[in-house]
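What follows is a single structure, written as structure tokens, with notes after it.
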Amino acid sequence: MIHVSEVSKQFGTFTALDNFNLQIPKGSIYGILGPNGAGKSTISNTIMGNPNYIIENGSISLLASTLQLSNQPPCSFLQS
């Protein structure tokens, strides 16, 4: 399961994600659609732990492990 709650991400003055919410149940397959600049790549990079995409606020839960607002990439707990 993936649960994204109230996640925000900015690049300078540009807000790429503003209190973004997403819930994907275990075993589901989803696609994210939207125009250029809508935040599709940003949410994907944020969930996967790209170090250039650390969240400013909110929380991300993957596989029942939660990372709340911090300076670590969301998937850092999967690397241990």
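Which of the residues that make up segment 51-61 are more than 14 Å from Asn19 (Cα to Cα) and more than 10 Å from the chain's Cα centre (by Cα)? The answer is Pro51, Asn52. Taking the condition under 11 Å from the mean Cα position of the chain (by Cα), of a type in the set (A, V, I, L, M, F, W, C) and assigned to a loop (DSSP other than H, G, I, E, B), does Ile29 pass? No, not satisfied.
Would you check if Asn36 is polar (S, T, N, Q), modelled with pLDDT of 90 or more and open to solvent by less than 80 Å² (accessible area, probe 1.4 Å)? Full working, then the answer.
On the way: polar (S, T, N, Q): yes; modelled with pLDDT of 90 or more: yes; open to solvent by less than 80 Å² (accessible area, probe 1.4 Å): no.
Judged against the criteria, Asn36 is not a match.
Selection within segment 43-53: residues that are more than 14 Å from Glu6 (Cα to Cα) and not aromatic (Phe, Trp, Tyr). The member of this set that is least open to solvent (accessible area, probe 1.4 Å) is Gly49.
The values are calculated or read from the model by the stated rules, or taken from the named source; none is laboratory data. Keep in mind it's a predicted model, so treat the numbers as computed, not measured. We work out accessible area using only protein heavy atoms, side chains counted, and drop any ligands, DNA or RNA first. Shrake-Rupley method; radii C 1.70, N 1.55, O 1.52, S 1.80 Å.
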